[in-house]
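Asks: The structure is given below, and queries will be raised subsequently.
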Amino acid sequence: MKKLKISLSFLTILLPGLLAAQSEGATDNWLASPGIIGTIFLVVLVLVIAVIILLTRFNAYLTSYKDKQKHKDRSDFTDEISGLEDDEIDAILENRKKAKKYRLQGNELGSENKAVDKKGLIHNLTQRPNNPLFDEKKKHKIRLETPEELKKIMIYYLGAAIFWLVFGTLVGEYLGLKFVWPELDKVSWLSFGRLRPVHTNTVFWGWSSLAMIGLGYFVIARTSNTRINSYKMAWWAFILINLTVVFGNIALMAGINNGGAEYREYIWPIMLLFAIGLVLTFINFYKTVAQRKISEIYISNWFILASLLWTITLSIIGYLPFYQDGLGETVVQGYYMHQGVGMWFMTFTLGLVYYYLPAALNKPIYSYSLGVLAFWTQMLFYTLIGTHHFVFSPLPWWLQTVAIVFSAGMFIPVIAGTTNFLMTMKGSWSHISKSYVLPFFLVGTVFYFVGSSQGSFQAFRFTQYIWHFNDFNVAHSHMTMYGIVAFFLWAGVYSIFPKITGKEPPQTLVGAHFWVAFIGLFAYMISLMIGGTFRGLSWIEGNAFIESVILMKEYWVWRAVGGTLMFFSHIIFAYNFYYMIKNRSKTDVAVEGKERPVYTTESKEINA
Amino acid sequence: MFNFHKDHKKLVIVALSVFVILSIFISVVPASNLQYVQPFPTDEALTEAERAGLNVYVQENCVACHTQQVRGIEMDKMWGDRPSLPSDYYYTKKRLDVWRQSPSLLGSERTGPDLTNIGKRQPGEGWHLLHLYNPRSVVNASIMPSYPWMFEEKDATRITDEDVVVPVPEEYLNEPGKKIVAKPKALNLVAYLQSLKQPEMPGNEDVEFIPSIKDDLDVAQEARKSGGVDGEKLYMNTCAACHQQSGKGLVGAFPPLEGSSIVLDDDPELMLQIILAGYDARSDYGVMPPFAAQLNDEEIAAIANHERTSWGNDASEVTAEDVKKVREYVMEMNQ
């Protein structure tokens, strides 16, 4: 203990000296300078040592306190024994003697009685043993009564979404192979430049958007305890969004491109269809919430309604022409592409998680207020950080600085959301090994934290030196759009569809989907992160550009391997979905003797 | 007052209006301010062919892999003489037509090299055409796609005077004996690429780049002072695209430097003259562009020495003094 104290004071004396030695000359790049790193290290070291000392002291105090307590207990016991009467002691010994002599008779478990399930606890009887390879997961017991029209909407939205997922990732997979074999084909419609936006736009507007809205319909109706305002509107939006993706992709492959700005590649007449689809969806959701049967608006609906409004706004700003000549377009691009991810996919998906996660665990969300905090900070901080895609570019310096500062602010909504989800799961960890849905939620949550904070770090000027412009960004976008959004969407699909169709997918195949997608994502991500870092360092060294292409080759191979796994997992997912909806029970199963307060008791006429 | 939990109208109105206000502040206002930018007096508007080429550039979505922005940091120095400025984009970033917006030329991904200064770095039309027809014919390790639909295969007998024939090496031809002729699409695209040069800044001040890592700058300055320029790196960045890393050139397009009598000549004058002023005396090879404006005397000397002592070449050293003399001579000839 003494030694520690001496070394501690020694360090505190040394510290100012070291600081002074390092501080001269380091004006810019201060964070990267060895002096600062060393200083931080030393301060942390002091802190760690202080904490260790504190803990040892505290432990010693606790031990002495415990010893005192033990001594007291012992003397109390002695007093009690010596105070006992003779017949009291006899009774105790008598009881002990009996206990020692007891032997089992062989009929204690009622083996001669008839087996009767008096309370209706047994649901499933099988003569076959368990699958010897895989742990059997719990089955969904709850079946939710859902109007047939709503079921149909969800099945069609998700069905189309899954079609676009398979198609979009097939294109992505093909593009990944082109990094390894650039001469894979020589067809203009399939060339890399034209096909790349087909991949991104398909998985954005086709897969993620349709899946989100489809899952959103259930949340909106369920948490408002009412029925959807207009099924007809839902169908129109469905048609418009699908047409957007079909026309948009054909146009892109034919070489009709809005100007190459990411996620704004569809020309405005096509993107207009999507915007109308969103407006219809918003009106529909809003009116449903307005007709809710409970006074409070559930937090999911905050996120979902706002994300629709925000996305409509940003599409309008992104496509209006009045301020987009010269670098005006670049400012708008930073804003648009970042908000496309943040205000649309992330906000909407979080809204879904606030319903599906607690529903899957059958318990309330940990903290409603944290959700509200996450909501408002998401709006304030996320909106301002688009320009961090253009750090060191000719855009105004203040815009870049605002973006970097608020990127750091993003830690608040991210930590609030992550804490909320993890605390909701707390106490239910055992469910994870028993459920095929929760692993998806857990991975989504972990990536929500890791992917988002990593993005904030990436926005800092120093990390921009190494990672900007290279494959690291591709890894980051897959970590978020795939690790967060896709995993949460899968969690939502697996947690709700068995309940509304009454059919559960084969558990081994759900497991296969999970693991293949997860391992694939990891291979994809890690290879591009390592390769991207080496590439950035090679650029900083000032090596010939082609050397940075050559060094990426092996990482691109690994990326293709990861991408292939991801694609296969989507085929498994598509089969699982098909399995859940084929032969679904069309009518709601009436459960005898139970009140069903939701939906069916309402017989509201819809003007359709 | 603000009971968002129960009042859906208030919730929606507040969420929308705050977002709209923030959006206007962070995107519409700064974007509008950037509309008043003026072009450099030294910059020129795109010609018709160059504009058509820009359209091809957008159509093929070259933006997906090529940036056009020199950031103000040391590592971007290889892509331009100074950091890019809003004025640089005055002529190129305009709304294309009713259907399509201003092209997103700055880009976000550098899978391939930055193209801000490609017209200066790689000025030869022949090289560009060959590279578009099959990038691997000039840069072996390239992963850029080929663009064969911008070219036509023709019989040698049907070639007219107007046809621009691309000197594609035999091994890259689909059918031996055919000639590859560039279509207008390819020619326009190359015209656009050749037009990509950083306009000179009036006043021509030395612009500071922010160093990537402080120590790097010191080392670089040290090296500059002692004249230690890395000839091999410079060769790779400037010359290898045509003459190849191996110095073997490309048969039918670019002459070899390995064993070349000009390179091995004890008197380096002709060699330096070709580097400084360019060369177009041999019909069997493409045109060599001049590099006098792009490279200084030390750099040219370093490149020349690398060429004279690599791939088995063994010729005498060239000094920056020699280059200076030839440069003065070339300047006189041009006047």
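The values are calculated or read from the model by the stated rules, or taken from the named source; none is laboratory data. Keep in mind it's a predicted model, so treat the numbers as computed, not measured. In this analysis, Cβ positions are derived from the backbone assuming ideal geometry, glycine residues included, and neighbour counts consider all displayed protein chains. Just the protein is used for accessible areas: all its heavy atoms, side chains included, with ligands, DNA and RNA removed. Shrake-Rupley method; radii C 1.70, N 1.55, O 1.52, S 1.80 Å.
Asks: Checking the conditions here, which among A:Phe406, A:Phe457 is open to solvent by 50 Å² or more (accessible area, probe 1.4 Å) and within 11 Å of chain B (Cβ to nearest Cβ)?
Replies: A:Phe406
Asks: Starting from residues that are at pLDDT 85 or above and either part of a helix (DSSP H, G or I) or at positive phi (or both), keep the ones in the range A:428-441 and report whichever is most open to solvent (accessible area, probe 1.4 Å).
Replies: Once the filter is applied, the top-ranked residue is A:Pro439.
Asks: Right, here's the next one. Just need a number here: residues in the range B:6-21 that are open to solvent by 30 Å² or more (accessible area, probe 1.4 Å) and either in a helix (DSSP H, G or I) or touching a helix residue (DSSP H, G or I) at 6+ places or on another chain (Cβ under 9 Å) (or both).
Replies: So the count comes out to 10.
Asks: Mind checking which residues of the range B:124-146 are within 15 Å of B:Glu171 (Cβ to Cβ), in a helix (DSSP H, G or I) and modelled with pLDDT of 90 or more?
Replies: Within the range B:124-146, B:Leu130, B:Tyr133, B:Pro135, B:Arg136 qualify.
Asks: Touching a residue at least 24 places away in the same chain (Cβ under 8 Å), away from chain B (no Cβ under 14 Å) and either within 24 Å of A:Val414 (Cα to Cα) or open to solvent by 10 Å² or more (accessible area, probe 1.4 Å) (or both): does that describe A:Ala374?
Replies: Considered against the rule, which asks whether it is touching a residue at least 24 places away in the same chain (Cβ under 8 Å), away from chain B (no Cβ under 14 Å) and either within 24 Å of A:Val414 (Cα to Cα) or open to solvent by 10 Å² or more (accessible area, probe 1.4 Å) (or both), A:Ala374 comes out as no.
Asks: Let me ask you something else. Which condition number in (1) surrounded by fewer than 22 Cβ atoms within 10 Å (Cβ to Cβ); (2) more than 9 Å from chain B (Cβ to nearest Cβ) is the one that A:Leu380 fails?
Replies: (2)
Asks: List the number of the failed condition for A:Leu243; all other conditions in (1) open to solvent by 20 Å² or more (accessible area, probe 1.4 Å); (2) farther than 25 Å from A:Val289 by Cβ; (3) more than 29 Å from the chain's Cα centre (by Cα) hold.
Replies: Going through the list (1) open to solvent by 20 Å² or more (accessible area, probe 1.4 Å); (2) farther than 25 Å from A:Val289 by Cβ; (3) more than 29 Å from the chain's Cα centre (by Cα), A:Leu243 breaks only (3).
Asks: Could I ask something else about it? Pick out the one residue from A:Ile500, A:Ile519 that is in the same structural domain as A:Gly172 (by TED's automatic domain parsing), hydrophobic (A, V, I, L, M, F, W, C) and open to solvent by less than 10 Å² (accessible area, probe 1.4 Å).
Replies: Going through A:Ile500, A:Ile519 in turn, just one is in the same structural domain as A:Gly172 (by TED's automatic domain parsing), hydrophobic (A, V, I, L, M, F, W, C) and open to solvent by less than 10 Å² (accessible area, probe 1.4 Å): A:Ile500.
Asks: Spot the failing condition for A:Leu215; the list is (1) under 27 Å from A:Gly259 (Cβ atoms); (2) in contact with a Leu (Cβ under 6 Å, 6 or more places away or on another chain), and only one is missed.
Replies: Answer for A:Leu215: the failing condition is (1).
Asks: Just one of (1) surrounded by fewer than 21 Cβ atoms within 10 Å (Cβ to Cβ); (2) on the phi < 0 side of the Ramachandran plot; (3) more than 8 Å from chain B (Cβ to nearest Cβ) trips up A:Asn362, so point out which.
Replies: Exception for A:Asn362: condition (2).
Asks: Across the range B:144-167, which residue is least open to solvent (accessible area, probe 1.4 Å) among those that are away from chain A (no Cβ under 14 Å) and touching a helix residue (DSSP H, G or I) at 6+ places or on another chain (Cβ under 8 Å)?
Replies: The residue in question is B:Val166.
Asks: Looking at A:Ile53, A:Ile49, A:Ile37, A:Ile81 in this structure, which one is modelled with pLDDT under 80, in a helix (DSSP H, G or I), open to solvent by 80 Å² or more (accessible area, probe 1.4 Å) and among the β-branched types (Val, Ile, Thr)?
Replies: Among A:Ile53, A:Ile49, A:Ile37, A:Ile81, only A:Ile37 is modelled with pLDDT under 80, in a helix (DSSP H, G or I), open to solvent by 80 Å² or more (accessible area, probe 1.4 Å) and among the β-branched types (Val, Ile, Thr).
Asks: Looking only at the range B:142-181, count every residue that is among the small types (Gly, Ala, Ser), farther than 27 Å from A:Phe192 by Cα and in contact with a Lys or Arg (Cβ under 7 Å, 6 or more places away or on another chain) and tell me the total.
Replies: Count: 1.
Asks: Can I ask one more? Out of everything in the range B:60-69 that is surrounded by 20 or more Cβ atoms within 10 Å (Cβ to Cβ) and within 9 Å of chain A (Cβ to nearest Cβ), what residue ends up being farthest from B:Leu105 (Cα to Cα)?
Replies: Among those that are surrounded by 20 or more Cβ atoms within 10 Å (Cβ to Cβ) and within 9 Å of chain A (Cβ to nearest Cβ), it is B:Glu60.
Asks: Got at least one residue in the range B:233-248 being at pLDDT below 80 and surrounded by fewer than 18 Cβ atoms within 10 Å (Cβ to Cβ)?
Replies: No: the range B:233-248 contains no residue that is at pLDDT below 80 and surrounded by fewer than 18 Cβ atoms within 10 Å (Cβ to Cβ).
Asks: On to the next question. Among the residues of the range B:100-114, count how many are under 20 Å from A:Val331 (Cα atoms) and open to solvent by 20 Å² or more (accessible area, probe 1.4 Å).
Replies: So the count comes out to 2.
Asks: Would you please name the residue that is nearest to the other protein chains (Cβ to nearest Cβ), looking only at residues in the range A:173-191 that are part of a helix (DSSP H, G or I) and open to solvent by less than 20 Å² (accessible area, probe 1.4 Å)?
Replies: Going through the qualifying residues, I end up with A:Lys178.
Asks: Of all residues in the range A:503-516, which are in a helix (DSSP H, G or I) and open to solvent by 10 Å² or more (accessible area, probe 1.4 Å)? Break it down stepwise before answering.
Replies: Going through the range A:503-516, the residues in a helix (DSSP H, G or I) turn out to be A:507-516.
Matches in the range A:503-516: A:Gln507, A:Thr508, A:Leu509, A:Gly511, A:Ala512, A:Phe514, A:Trp515, A:Val516.
Asks: Does B:Phe25 fit the bill of being open to solvent by less than 60 Å² (accessible area, probe 1.4 Å) and of a type in the set (Phe, Trp, Tyr)?
Replies: Criteria not met by B:Phe25.
Asks: B:His131 passes all but one of (1) open to solvent by 20 Å² or more (accessible area, probe 1.4 Å); (2) within 11 Å of chain A (Cβ to nearest Cβ); which number fails?
Replies: With (1) open to solvent by 20 Å² or more (accessible area, probe 1.4 Å); (2) within 11 Å of chain A (Cβ to nearest Cβ) applied to B:His131, the lone miss is (2).
Asks: Please go through (1) in contact (Cβ under 8 Å) with a residue 12 or more places away in the chain; (2) open to solvent by 30 Å² or more (accessible area, probe 1.4 Å) for A:Phe348 and return the number of the only condition it doesn't satisfy.
Replies: (2)
Asks: Quick check on my filter: what residues within the range A:157-174 are more than 13 Å from A:Val246 (Cα to Cα) and in contact with a Leu (Cβ under 8 Å, 6 or more places away or on another chain)?
Replies: A:Tyr157, A:Leu158, A:Val171, A:Tyr174 - these are the residues of the range A:157-174 that are more than 13 Å from A:Val246 (Cα to Cα) and in contact with a Leu (Cβ under 8 Å, 6 or more places away or on another chain).
Asks: Here is a further query. Against the condition within 17 Å of the chain's Cα centre (by Cα) and more than 12 Å from every other protein chain (Cβ to nearest Cβ), how does A:Phe440 come out, does it pass?
Replies: Yes, satisfied.
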